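To keep things clear, I will list the structure first and then write my remarks on it.
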Amino acid sequence: MNHVMPPPCGGASGSLPPSVPASGAPALSTPALGTSTPSTPTPGRPPELLRPAGDSGITLRRRSPAQSLALNAAVRANLDHLRPWLEWAAEAPTVARTAELTEAGAAAWDAGTDFIYLVGLDAEPGRVIGSFGLHRRIGPGALEIGYWVGTDHVGRGIATTAARALTAAAFALPGVHRVEIHCDPANTASAAVARRLGFRLDREVDAPVRAPGETGRKQIWVQERRPTP
C-alpha cells in the first residue's frame, strides 16, 4: 500500500485504511481500507487504545463497527486527497461496504494478522481524522505500518506522532524485530514521516502502478529493534 497520506503512506491504516505531508501531498503509506493478505499470525496483540506520549491531543482506537459511519464520512470527504496514492480510493465506498470491511478488520485483529486503528482528536470525540495500521504482510518477525490522515489535519505532526506510537507498540509484541514503512518515491510527505522517526531507507524496488500518483517504484523504510543491553 502506498501508505496513506497524511499521510497516505501505503492505509491505516490498513484499512480504509493504512500519515503528514511536507509538500501538500498526503502522507500515505500503503493502504488501509480493508485487510491485507498476511502470512503467519503475530503472537500477542497490541493495546486496543494508544495514547501517544506528551500532549498530542490525539488517540488511536481499535477500529470497531460502531465507528463505521464516522469512518465512511472521513473517507468520502478525503477521496481527492487519497486517490493519487491509494487504489481503494478510486470510488466512494458505501456505508455498507465500510461496515463490511470493518467487520473483516475485526476478524483480522482477532486472528493476529492486521491491527487497524482510527485516529481522532481528543477535543472532538467520535470524529475520525485518519486511519493507521500494523500489517502482517512482509514476512516473519516484521510488521508494516500503513496510514492516512485527512487533508484538514496534515502538516500538524499527527502522522509522525501516531506512527511513532505504532512503532513502539509493534516492537512490544513478541517476535517482532523489524518495522517497515512502504511508500512511493513521489510521496515525499510519507517518506518524511519515516525519516523523522529514524527509519532508514533500505532499498527501492519496482512496484505495480495501481493509483494515479504512483511511479512504479516503492521505497522500503526499515527500523529494527535495538538490542537489549
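The table below lists the values:
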read-out	value
Filter pass, ARG164 being of a type in the set (Lys, Arg), out of contact with any Asp or Glu (no Cβ under 6 Å at 6 or more places or on another chain) and either in a loop (DSSP other than H, G, I, E, B) or within 28 Å of ARG61 (Cβ to Cβ) (or both)	yes
Test result for GLU180, surrounded by fewer than 21 Cβ atoms within 10 Å (Cβ to Cβ), at pLDDT 95 or above and either of a type in the set (Asp, Glu) or closer than 24 Å to ALA123 by Cα (or both)	no
Breaking point among (1) open to solvent by 10 Å² or more (accessible area, probe 1.4 Å); (2) out of contact with any strand residue (DSSP E or B) (no Cβ under 7 Å at 6 or more places or on another chain); (3) more than 14 Å from SER68 (Cα to Cα); (4) not acidic (Asp, Glu), for GLY112	(1)
Residues of segment 80-95 satisfying the condition of being under 16 Å from the mean Cα position of the chain (by Cα), assigned to a helix (DSSP H, G or I) and not small (Gly, Ala, Ser)	HIS81, LEU82, GLU87, TRP88
Of residues in segment 39-55 being buried (at least 19 other Cβ atoms within 10 Å of the Cβ) and more than 15 Å from the chain's Cα centre (by Cα), the one nearest to ALA111 (Cα to Cα)	THR42
From the options SER68, SER29, SER56, residue that is touching a helix residue (DSSP H, G or I) at 6+ places or on another chain (Cβ under 7 Å), at pLDDT 65 or above, in a loop (DSSP other than H, G, I, E, B) and of a type in the set (S, T, N, Q)	SER56
Residues that are more than 21 Å from ALA142 (Cβ to Cβ), open to solvent by less than 40 Å² (accessible area, probe 1.4 Å) and out of contact with any Pro (no Cβ under 7 Å at 6 or more places or on another chain), drawn from segment 186-213	ALA192
Candidate set from segment 89-108 (those that are under 26 Å from ALA165 (Cβ atoms) and out of contact with any Pro (no Cβ under 9 Å at 6 or more places or on another chain)); member that is least open to solvent (accessible area, probe 1.4 Å)	THR98
Filter result (among the basic types (Lys, Arg) and under 17 Å from THR59 (Cβ atoms)) within segment 167-192	none
Subset of segment 32-53 that is in contact with a Gly (Cβ under 8 Å, 6 or more places away or on another chain) and within 24 Å of CYS183 (Cα to Cα) - its residue that is modelled with the highest pLDDT	PRO41
Residues satisfying the stated conditions in segment 134-171, i.e. over 18 Å from TRP109 (Cα atoms), open to solvent by 20 Å² or more (accessible area, probe 1.4 Å) and in contact with a strand residue (DSSP E or B) (Cβ under 8 Å, 6 or more places away or on another chain)	THR161
Qualifying positions in segment 193-229 - in a strand (DSSP E or B) and touching a Gly at 6+ places or on another chain (Cβ under 9 Å)	ASP206, LYS218, GLN223
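The values are calculated or read from the model by the stated rules, or taken from the named source; none is laboratory data. The shown structure was predicted, so the numbers you read here are calculated from the model rather than taken from an experiment. Note that each Cβ is placed from the backbone with ideal geometry, even for glycine, and that neighbours are counted across all protein chains shown. The protein model used for the area step is the full one, side chains on, heavy atoms only, and it has no ligands, DNA or RNA in it. Shrake-Rupley method; radii C 1.70, N 1.55, O 1.52, S 1.80 Å.
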